[in-house]
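Colleague: Quick one: the structure is below, and I'll ask about it shortly.
The values are calculated or read from the model by the stated rules, or taken from the named source; none is laboratory data. Because the structure is predicted, anything quoted here is derived from the model rather than measured. Neighbour counts run over all protein chains shown; Cβ positions are idealised from the backbone, glycine included. For the accessible areas, the whole protein counts, side chains as well, though only heavy atoms, and no ligand, DNA or RNA atoms are used. Shrake-Rupley method; radii C 1.70, N 1.55, O 1.52, S 1.80 Å.
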Amino acid sequence: MTAWPRPDVLLAWPDEAPLARALAQVLGCPMHEVEIHRFPDGESRLRLPPHLPPQVVVLRGLQNANARLAELLLVSGGARELGAETLTLIAPYLGYMRQDVAFNPGEVVSQRHFGRVLAQSFEAVVTVDPHLHRVATLAAVLPGRQGLALSAAPLLGLWAAQQRPGALLLAPDGEAEQWVRVAGEAAGLPWAVCTKERQGDREVRIALPDVPWVGRDVVLVDDVASTGRTLAQAARLALAAGAASVSVAVTHALFGGDAEAQVRAAGVQAIWSTDCIAHPTNALSVAPLLAAAFSGEARGLAPLSPG
Ligand code: R5P
């Protein structure tokens, strides 16, 4: 993907204002919060600046996508009426990427249809570490549009190396190999990959790779912590095998329900996440990484799979 024009303005929701402000500062463009009134029936009245310039970037994380999508589509339509010519969506977390095939007859392939909806409203979508597994590129999810999948994995690797020098980086499953490899290479740390079998939303079975464990600091690296069961189980096994400590570095701190408590109860020493999703475990900002998409410079953090 070639560099996009620098944005004229960044639009963001109030609950994501800290990341939006940091990003606007790096981009050197103004940031406006979408004004929102939520009616008693749950619908929204949205207000944007009355005159918008041509290049508009909309920042909206698509965790909790069922609740967020309607407002996002309304803002996209409204922004065009108010002057936007090119709309780029920055969704630091891009939901609905995991249902990428029909696992059972009749199942809706949500990734495909979610991507189509976004492609109808935005010329381009930028995200960080999307859960692309059986579908290789973000562009393939966004028919006829540009997609850029950036990776926070180098950032996580460098952070882990600072916090736990010499640590073993460990992917809790095969799908995370793409991130742990990049993190390990960026930081010059060894890495290894577990195997995982998911038996239900909250049940996973994990097997450790055959590497020396005794006395080692281990940092689990993954794209997302959702129920936390994957990380908790991998941490328990590594500690039982003799690891000196287990910490966690994830891009997306979804942490639903008791997830964080589960991970800590497994004996995890520290949890570090990026601010793709605002969470108390945030240790790293992706603002410079996101801004690099518009400058055409990778700034040391190369796009994982340009669309
Ligand atoms: C799955 O393959 C992902 O990389 C994560 O490991 C997974 O989504 C984490 O889910 P949970 O926290 O619910 O175990």
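Colleague: Which of the residues spanning segment 109-131 are buried (at least 24 other Cβ atoms within 10 Å of the Cβ) and more than 17 Å from L87 (Cβ to Cβ)?
Modeller: Q111, V128, D129, P130
Colleague: Could you grab me the full set of residues in segment 244-262 that are of a type in the set (G, A, S) and within 11 Å of the ligand (Cβ to nearest atom)?
Modeller: Across segment 244-262, the qualifying residues are A253, G256, G257, A259.
Colleague: Grab the strands (runs of 3 or more DSSP E) fully contained in segment 174-255, keeping just those with 1 or more residues being closer than 16 Å to L158 by Cβ and either of a type outside the set (A, V, I, L, M) or touching a helix residue (DSSP H, G or I) at 6+ places or on another chain (Cβ under 9 Å) (or both). Before the answer, list the steps.
Modeller: Numbers: elements: 191-193, 195-200, 203-207, 217-225, 245-253.
Strands (runs of 3 or more DSSP E) meeting the threshold: 191-193, 217-225, 245-253.
Colleague: Which residue is nearest to the ligand (Cβ to nearest atom), if the candidates are limited to segment 156-175 and must be closer than 24 Å to A287 by Cβ and open to solvent by 40 Å² or more (accessible area, probe 1.4 Å)?
Modeller: The qualifying residue nearest to the ligand (Cβ to nearest atom) is W159.
Colleague: Another one. Does G147 satisfy the condition of being in contact with a helix residue (DSSP H, G or I) (Cβ under 7 Å, 6 or more places away or on another chain) and away from the ligand (no atom under 14 Å from the Cβ)?
Modeller: For G147, the condition - in contact with a helix residue (DSSP H, G or I) (Cβ under 7 Å, 6 or more places away or on another chain) and away from the ligand (no atom under 14 Å from the Cβ) - is met.
Colleague: Can you list residue pairs whose Cβ atoms sit under 6 Å apart, with the first residue in segment 170-195 being of a type outside the set (A, V, I, L, M) and the second being near the ligand (Cβ under 8 Å from one of its atoms) and open to solvent by 50 Å² or more (accessible area, probe 1.4 Å)? Count only pairs 6 or more apart in sequence or on different chains.
Modeller: Short answer, once both residue conditions are applied: D173/K196; E175/H133.
Colleague: Now for a different question. Sort out which residues of segment 70-110 are in contact with a Phe, Trp or Tyr (Cβ under 8 Å, 6 or more places away or on another chain) and assigned to a helix (DSSP H, G or I), and write them in order of number.
Modeller: Those that are in contact with a Phe, Trp or Tyr (Cβ under 8 Å, 6 or more places away or on another chain) and assigned to a helix (DSSP H, G or I): E71, S76, S110.
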